[in-house]
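Scroll down for the structure; my scribbles are underneath it.
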Amino acid sequence: MLGDLGRGDGDPSLVLFGREVTPNHHALAEQFVTLDNFYADGEISVLGHSFTTSGYASPFLEWLGNASYSGRYKGYPFGMVPSVTSPAYLWDALDYARVPYRVYGENYYLYTRAYRIITETFGAESELARKFYARTMRLSSDVDRGRVFYDFAHTYASRADTEADALRLLADAKFAGALSDFLVGDDSLARALGANVSLRQRFAEYLSRYAFDYRSWDLNHSDLERFASWRADFERQVRAGRLARLNYLWLPNDHTNGSDTKIRTPQQFVAQNDAALGLIVETISRSSIWSQSLIIVEEDDAQNGPDHVDATRTVALAAGPHVRRGAIVHDRYDQLSALRTRRLRPARRRRALHSDRPLAHAL
């Protein structure tokens, strides 16, 4: 993508989505900092999302990911079924530290945070935990990646912006029943929410962290739609004076649909993704919180995108008033570096295993 930037370690002969397709990526890399030595920690999407959200991918996840990509496994349990999830995620670390955050579109949050609440309340061998496991296996076989939640929840958008709002929403029998069916396949979670005050409070917090009307993975919907959903939510939060300290957004359409053009061409997918990113940065830069902002942009993986350096080298951008201007940084960074820059290391391991130093020289 940035091989034609004219600076940094690029090769213009390998460029597929040049300046005419990705003007905003190019402008951000030029005006702020060019990071030409940034790497994905996993080779494929299912590992990448695990690394960007938890800094870890289990051996079983790596094995199952390989089985899936080889065509020998058709389900999609990733970030959903407990056996392939990480010990902890960035939202767990943020909740533990009492740091407010908001998630847009990352369906790993919907499943992993709910499962943690259920197991910490009732135990991993409880009836609700077993029902959650069975339900996610069914959703896995349907390759659900947040669609089921969006379909029932988007009509309740803005009704769970705060924990108090979410508590009132959980008193709505129709919503509580739909949430229960989504997570455990019947009304047993709804009944538990009605009977257990502590559980109800934790689920209110859980719901208040996620934007209901922001679509997760679905190539049929434009990243510009996602931008519009995010902007409405962002501006509402700013007006209310309760903008979260960390906001995690997923713009998935730069994934493209390969060479299949039934929805859009690869160039159109990437161009709309670039436009959405540019609009997000512009919106934040014109807002009252710009002076306190740091925007970090990374891909989940560099799959099928080898270049003249390495098959896992990938695009990363940083923008904000405290980011260096016009600089080129050759330091080696990776997805764990992005987590560390946010002062997060959810799945703690020995630091020697990865160069998880923060993006210090970008700032």
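Taking 0.36 nm per residue of sequence separation and subtracting the Cα-Cα distance, how much length would be gained by fully extending the chain between TYR133 and LEU219, in nm to one decimal?
Working: separation 86, 0.36 × 86 = 30.96 nm, distance 2.71 nm.
Length difference between fully extended and current span is 28.2 nm.
At 7 Å along Cα-to-Cβ for each site, give me the label-to-label distance between SER293 and ALA360 in nm.
Each label point is offset 7 Å from its Cα along the Cβ direction, giving 2.7 nm.
Give me the dipole magnitude in Debye, nearest 20, for the chain about the Cα centre, with unit charges on the beta carbon: positive for Lys and Arg, negative for Asp and Glu.
Details: 44 positive and 45 negative charges, 244 e Å.
Dipole size: approximately 1180 debye.
So how do 51-57, 86-92, 264-270 stack up, highest first, on mean other-Cβ count within 10 Å? Intermediate values should be presented prior to the final figure.
Working: 51-57: 25.0, 86-92: 21.6, 264-270: 18.0.
Highest to lowest by the protection proxy: 51-57, 86-92, 264-270.
Report the convex hull volume per residue for the chain, counting only C-alpha atoms, in Å³. Intermediate results must be reported in sequence, preceding the final value.
Details: hull volume 49.0 nm³, N = 363.
Residue-normalised Cα hull volume stands at 135 Å³.
If the cut-off is a Cα-Cα distance under 24 Å, which lysines reach LYS131, setting aside same-chain residues fewer than 8 apart in sequence?
Straight-distance partners of LYS131: LYS74, LYS174.
Picking from VAL148, PHE132, LEU47, whose Cα lies most toward the positive end of the charge dipole for the range 12-362 (charges on Cβ: Lys, Arg +1; Asp, Glu -1)?
Toward the positive end, the furthest listed residue is PHE132.
All of the numbers you see were taken from the coordinates with simple rules; none came from a lab. Everything numeric in this text was worked out from a predicted model, so none of it was measured. In this analysis, Cβ positions are derived from the backbone assuming ideal geometry, glycine residues included, and neighbour counts consider all displayed protein chains.
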